[in-house]
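Below is one structure, written out as structure tokens; comments come after it.
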Amino acid sequence: MPELPEVEVVRRGLERWVAHRTVAEAEVLHPRAVRRHVAGGEDFGQRLKGHRVGVPSRRGKYLWLPLEDTGQSVLAHLGMSGQLLVQPHSAPDEKHLRVRVRFTDALDTELRFVDQRTFGGLSLHDNTPDGLPDVIAHIARDPLDPLFDDDAFHHALRRKRTTIKRALLDQSLISGVGNIYADEALWRARVHYDRPTGGFTRPRTQLLLGHVRDVMNAALSQGGTSFDSLYVNVNGESGYFDRSLDAYGREGLPCRRCGTPMRRRAWMNRSSYHCPRCQRAPRVSS
Ligand SMILES: [Zn+2]
């Protein structure tokens, strides 16, 4: 699954290559790619035709293309293997090409949605007054959003009877933090993933948020990180680097801070990596 930095890299690519262009034609080549659009692929295409694309936006891992003067947006679900590619018209069709969008201008590029496993797709939604597709109105702001409210997040942590990694992955509290970056930020902050949030102090919350932002910004500056070779950037080039991670995927390897072998624990159908010395388990686990 792409995480926030990967999605932001795609958004920036779309902003550069697709924003302010008018749709000439949107061709749906596989119905599953627009399965959330009940009226079907042809209707989907008709609704995009003739509209100018605004500046692509993102909240957490959700990415959308506003259609100017319609009050609607096209939401992209990248799923496990979805890619948004900007390709020259002459480029051969990808094997798993699902949707092609051509534009009215003379530029030699088109937008393609390619998805091998077809878990992803495109869907059209009305916008809320904030300009958000209505289906993601409940998604909290992400920590890189200038309007993210650190205080409100801290109070929510104190209020909720939960543990810190669960809270970091709770999209109604904070969006865009996935398993990898949660483990990295917790390692940096020396906080165990199962620590109850009720006892968090303001400085501890602030420290952790700082590390969340640092790991995401570091990933962004290098183009995102991904372990899925299917996932490439908006130009179809593999823009993802194998960032040197400090926690995630390092089971048995020495902690980069204290040398203690890192541990992996099964956690909510996933894995959590931590240093047993730097990130002490809470005495009473909830
Ligand atoms: Zn350590």
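The values are calculated or read from the model by the stated rules, or taken from the named source; none is laboratory data. Predicted, not measured: the structure shown is a model, and the values here were computed from it. Here the Cβ is made from the backbone with ideal geometry for all residues, glycine too, and neighbour counts use every protein chain on show. With ligands, DNA and RNA removed, areas are computed over all heavy atoms of the protein, side chains included. Shrake-Rupley method; radii C 1.70, N 1.55, O 1.52, S 1.80 Å.
On the chain, 48 percent of the accessible area sits on carbon and sulfur atoms, based on a 1.4 Å probe. Summarising the label geometry, the points placed 7 Å from Cα in the beta-carbon direction at Arg36 and Ser90 lie 3.6 nm from one another.
Highest mean first, the peptides 16-22, 90-96 sorted by other C-beta atoms within 10 Å per residue fall in the order 16-22, 90-96. Inter-label distance, Arg117 to His138: 2.4 nm, where each label sits 7 Å from its Cα along the C-beta direction. Using Cα-Cα distances under 8 Å and only pairs 6 or more residues apart, what relative contact order does the chain have, in percent? After rounding, I find 19 percent.
What Kirkwood hydrodynamic radius do you get for the chain when you take the inverse of the mean 1/r over all pairs of distinct Cα atoms, in Å? Its Kirkwood hydrodynamic radius stands at 20.1 Å.
In the chain, helices alone account for a calculated mean residue ellipticity at 222 nm of -7500 deg cm²/dmol, with every DSSP H run of four or more residues adding -39,500 (n - 2.57).
Measuring nothing but alpha carbons in region 1-79 and taking Rh as the Kirkwood radius, the Rg to Rh ratio lands at 0.96. Which shape class, rounded, prolate or oblate, goes with region 5-149 when its Cα gyration tensor gives a ≥ b ≥ c as root eigenvalues, a/c under 1.5 marks rounded, and past that a/b bigger than b/c marks prolate? Here region 5-149 falls in the rounded category. Over region 125-193, accessible surface divided per residue gives 43 Å², non-protein components excluded, 1.4 Å probe. Give the shape of region 149-201 as rounded, prolate or oblate, defined through the alpha-carbon gyration tensor: a ≥ b ≥ c are the square roots of its eigenvalues, a/c under 1.5 means rounded, and otherwise the shape is prolate if a/b is larger than b/c and oblate if not. Here region 149-201 falls in the oblate category. Share of pairwise Cα-Cα distances greater than 19 Å in region 41-121 is 40 percent (whole percent). Just so you know, the Cα atoms of region 119-171 work out to an Rg and Dmax of 13.9, 37 Å.
Among the helices of the chain, those built from whole DSSP H runs whose Cα atoms reach 24 Å or more along their own axis and whose mean Kyte-Doolittle hydropathy is at least -1.0 are 202-221.
Two numbers describe the Cα atoms of region 109-149: Rg and Dmax, which are 14.2, 39 Å. Taking 0.36 nm per residue of separation and subtracting the Cα-Cα distance, full extension of the segment from Arg277 to Val55 would add 75.3 nm.
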